[in-house]
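Okay, structure first, notes after.
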Amino acid sequence: MNAPWKPGMGGHRDPFHAFVCDDHSFDMLRAVAAEMGWAPEKVNKGGMRNAVQSLSITASPQILFVDMSESGDPLNDINSLAEVCEPGTVVIAAGQVNDVRLYRDLVASGIQDYLLKPFGADQLRDALAQAQAVFMAPRDAAPERPHCTISVIGTRGGVGASSIATSLSWLLSEKKKRPTALLDLDVHFGTNALAMDLEPGRGLTDAIENPSRIDGLFIERAMVRASDTLAILSAEAPISQPMMSDGGAFYQLLEEFRLAFECSVIDLPRNMLIQHPHLMADVNVTLVVTELTLAGARDTIRILSWLKSNAPQTRVLVIANRVHPGAPEISRKDFEQSIERKVDVMVPFDLRIGSQAAKLGKTLAETAKGSKLGAACMEMLNQVLGAVESDDAAAPSKAAGKKGESLLGKIDFKSMMPSRRKDKATLDN
Ligand SMILES: Nc1ncnc2c1ncn2[C@@H]1O[C@H](COP(=O)(O)OP(=O)(O)OP(=O)(O)O)[C@@H](O)[C@H]1O
Ligand SMILES: [Mg+2]
């Protein structure tokens, strides 16, 4: 079946399963399967309904033979099959209806071939050989790009990290047509699904409760699709329940994303860095989202330093968000001086677009088309892709202090404050 995701062509799939309705087909399928070197016991009695039931709990095979003789509504049944069948599976159907329109509709639904019953052993052999060739053929015309994982971390609460994560995911999937997974690790209070007017479902909660279930099939079923190229995994876990996870489930999810998508975007609450530092181990690009404030500067410095020590492989982009058109608490120049690196993208504060996005259930980037905010989002997308695609080694971040030197000691707090507050400053630096 031809679902949009890149098939995770792992070695876990059985080569062949069949679901047939009558004894004659059953015997013929078993004999021909044995000839092809496949297990005859993978030929089952029972047609479409059994196939759907069985595939909803097991991994899909490479080639699936399904008898539709008992199917009242073949097209509808094929769609039910498509929902449980992993992408990449090549499906051969058989039935008693001799109607070219049905044949065309089935092929349009992703069926490889349709055998009219009764069929002979040679016909079956030809169809299976053809299916095998189709399964083996390279099917992805798109250029093979290495997977990239991007994490988005807010330096302070409410700086717009989730807005940036959802916007970036939307841009990657919509503007660049890259199959993208968005993982919202704010398990109790996450807003990624809400921002796109979607129900989060139980996917992430199930993954946390049952990490052993996480595999390609789980990803297929548990993720909520925002579009053909964007899927989300998030939760609205009850706030009476603490999150019980050693982080293994998240790590495993990211592993599976690597097989099924081109890009993974993680909305990573900063406390998760402390709790689960290993989540950053394979992250290619990190967006540190901040506001231009004193507290933002302090925590940008601390997070940049943390990244340098704990995720030295990741390329870092600093995004200043919600930047007010008037004078911000700290000017860009002072902010950059204090964090000892440039701010890569300045995203303006735009109340109108912010509330419009919330009303429409769309991401900021989508709502902001044609505005300064939209241009900043595109700039961010280009910088992210530049960081992903560049072969150069990551420019060494100068943000962190030398070993043994206090980080806080590096901030000239007083010089950053408006003069009235300077006199009252009690911060001891
Ligand atoms: N550039 C912007 N202009 C206007 N409003 C914005 C902008 N960026 C974000 N917002 C708004 O700011 C609010 C907070 O954004 P968001 O939830 O993305 O922040 P967060 O950093 O993820 O928060 P939390 O710490 O709760 O996770 C939202 O109402 C969002 O619409
Ligand atoms: Mg958030």
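Go through the range 142-189 and report how many residues are small (Gly, Ala, Ser) and touching a helix residue (DSSP H, G or I) at 6+ places or on another chain (Cβ under 7 Å).
7
For PRO277, work out the one condition from (1) touching a strand residue (DSSP E or B) at 6+ places or on another chain (Cβ under 6 Å); (2) away from ligand 1 (no atom under 16 Å from the Cβ); (3) closer than 30 Å to GLU336 by Cβ it doesn't fulfil.
(1)
Please go through (1) under 19 Å from TRP170 (Cα atoms); (2) among the acidic types (Asp, Glu); (3) more than 16 Å from ligand 1 (Cβ to nearest atom) for ASP184 and return the number of the only condition it doesn't satisfy.
(3)
Give me the helices (runs of 4 or more DSSP H) completely within the range 343-395, filtered to those with at least 2 residues that are more than 14 Å from ligand 1 (Cβ to nearest atom), ordered by residue number.
Qualifying helices (runs of 4 or more DSSP H): 372-389.
Free of Cβ contacts under 8 Å to residues at least 60 places away in the same chain, outside any loop (DSSP other than H, G, I, E, B) and either more than 16 Å from ligand 2 (Cβ to nearest atom) or acidic (Asp, Glu) (or both) - does that describe any residue in the range 138-152? Don't jump to the end; show me each part of the working.
From the range 138-152, those free of Cβ contacts under 8 Å to residues at least 60 places away in the same chain are 138, 141-144, 146; that's our starting set.
Next, from what is left, pick out any that are outside any loop (DSSP other than H, G, I, E, B): none.
Within the range 138-152, not a single residue is free of Cβ contacts under 8 Å to residues at least 60 places away in the same chain, outside any loop (DSSP other than H, G, I, E, B) and either more than 16 Å from ligand 2 (Cβ to nearest atom) or acidic (Asp, Glu) (or both).
I need every pair where a residue in the range 46-74 that is farther than 21 Å from PRO118 by Cβ has its Cβ under 7 Å from the Cβ of a residue that is of a type in the set (D, E, K, R), sequence separation at least 6 or different chains.
These pairs meet every condition: ALA59/ARG13; ALA59/GLU86; SER60/ARG13; SER60/GLU86; PRO61/ARG13; PRO61/ASP14; GLN62/ARG13.
When you go through LEU317, LEU304, LEU253, LEU230 one by one, which is the residue that is farther than 25 Å from SER390 by Cβ, more than 16 Å from ligand 2 (Cβ to nearest atom), out of contact with any Gly (no Cβ under 9 Å at 6 or more places or on another chain) and at pLDDT 90 or above?
Numbers: LEU317 fails: farther than 25 Å from SER390 by Cβ; LEU304 fails: farther than 25 Å from SER390 by Cβ; LEU230 fails: farther than 25 Å from SER390 by Cβ.
From the options LEU317, LEU304, LEU253, LEU230, the qualifying one is LEU253.
Tell me the residue from GLY326, GLY296 that is of a type outside the set (Ser, Thr, Tyr) and either crowded, with 17+ Cβ neighbours inside 10 Å or part of a strand (DSSP E or B) (or both), please.
GLY296
Residues in the range 194-224 that are part of a loop (DSSP other than H, G, I, E, B) and touching a His at 6+ places or on another chain (Cβ under 9 Å): how many?
Final tally of qualifying residues: 1.
Of these, ALA181, ALA193, which one is in the same structural domain as TYR251 (by TED's automatic domain parsing), among the aliphatic types (A, V, I, L, M) and closer than 20 Å to GLY248 by Cβ?
Being in the same structural domain as TYR251 (by TED's automatic domain parsing), among the aliphatic types (A, V, I, L, M) and closer than 20 Å to GLY248 by Cβ holds for just one of ALA181, ALA193, which is ALA181.
Mind listing just one residue for me: the one in the range 90-125 that is in a helix (DSSP H, G or I) and over 38 Å from the mean Cα position of the chain (by Cα) and, of those, nearest to GLY72 (Cα to Cα)?
Applying the first criterion (in a helix (DSSP H, G or I)) to the range 90-125 yields 100-108, 121-125.
Next, from what is left, pick out any that are over 38 Å from the mean Cα position of the chain (by Cα): 100, 121-125.
On the way: VAL100: 17, ALA121: 26, ASP122: 28, GLN123: 25, LEU124: 24, ARG125: 27 Å.
Out of the qualifying residues, it is VAL100.
How many residues are among the hydrophobic types (A, V, I, L, M, F, W, C), surrounded by fewer than 21 Cβ atoms within 10 Å (Cβ to Cβ) and within 11 Å of ligand 2 (Cβ to nearest atom) when one looks only at the range 188-201? Please lay out each step first, then the result.
Taking the range 188-201 and keeping what is among the hydrophobic types (A, V, I, L, M, F, W, C), we get 189, 193-196, 198.
Still in the list and also surrounded by fewer than 21 Cβ atoms within 10 Å (Cβ to Cβ): 189, 194, 198.
Now drop any that are not within 11 Å of ligand 2 (Cβ to nearest atom), which leaves 189, 194.
Looking only at that region, the number is 2.
Of the residues ILE303, ILE232, ILE219, ILE266, only one is more than 16 Å from ligand 1 (Cβ to nearest atom), touching a residue at least 12 places away in the same chain (Cβ under 8 Å) and in the same structural domain as ALA327 (by TED's automatic domain parsing); which?
The conditions single out ILE219.
Looking only at the range 221-233, decide whether some residue is under 14 Å from LEU185 (Cβ atoms), touching a strand residue (DSSP E or B) at 6+ places or on another chain (Cβ under 8 Å), crowded, with 19+ Cβ neighbours inside 10 Å and not polar (S, T, N, Q).
Yes, because at least one residue in the range 221-233 is under 14 Å from LEU185 (Cβ atoms), touching a strand residue (DSSP E or B) at 6+ places or on another chain (Cβ under 8 Å), crowded, with 19+ Cβ neighbours inside 10 Å and not polar (S, T, N, Q).
Residues to consider are ILE319, ILE330; find the one that is away from ligand 1 (no atom under 16 Å from the Cβ), in the same structural domain as GLU174 (by TED's automatic domain parsing) and aliphatic (A, V, I, L, M). I'd like the intermediate steps shown before the answer.
Details: ILE319 fails: away from ligand 1 (no atom under 16 Å from the Cβ).
After ruling out the rest, the residue left standing is ILE330.
Do you know which of the residues in the range 159-187 that are within 11 Å of ligand 2 (Cβ to nearest atom) and not in a helix (DSSP H, G or I) is surrounded by the most Cβ atoms within 10 Å (Cβ to Cβ)?
Filtering first and then ranking leaves ASP184.
Out of all the residues in the range 148-157, is one or more over 23 Å from ALA18 (Cα atoms), at pLDDT 90 or above, more than 16 Å from ligand 1 (Cβ to nearest atom) and out of contact with any Gly (no Cβ under 6 Å at 6 or more places or on another chain)?
There is at least one residue in the range 148-157 that is over 23 Å from ALA18 (Cα atoms), at pLDDT 90 or above, more than 16 Å from ligand 1 (Cβ to nearest atom) and out of contact with any Gly (no Cβ under 6 Å at 6 or more places or on another chain).
Might you let me know whether the range 83-96 holds any residue that is crowded, with 22+ Cβ neighbours inside 10 Å, within 16 Å of ligand 1 (Cβ to nearest atom) and not hydroxyl-bearing (Ser, Thr, Tyr)?
No, the range 83-96 has no match at all.
The values are calculated or read from the model by the stated rules, or taken from the named source; none is laboratory data. None of the values given here were measured: they were computed from a predicted structure. Cβ coordinates were reconstructed from backbone atoms using ideal geometry, including for glycine residues, and neighbour counts include every protein chain displayed.
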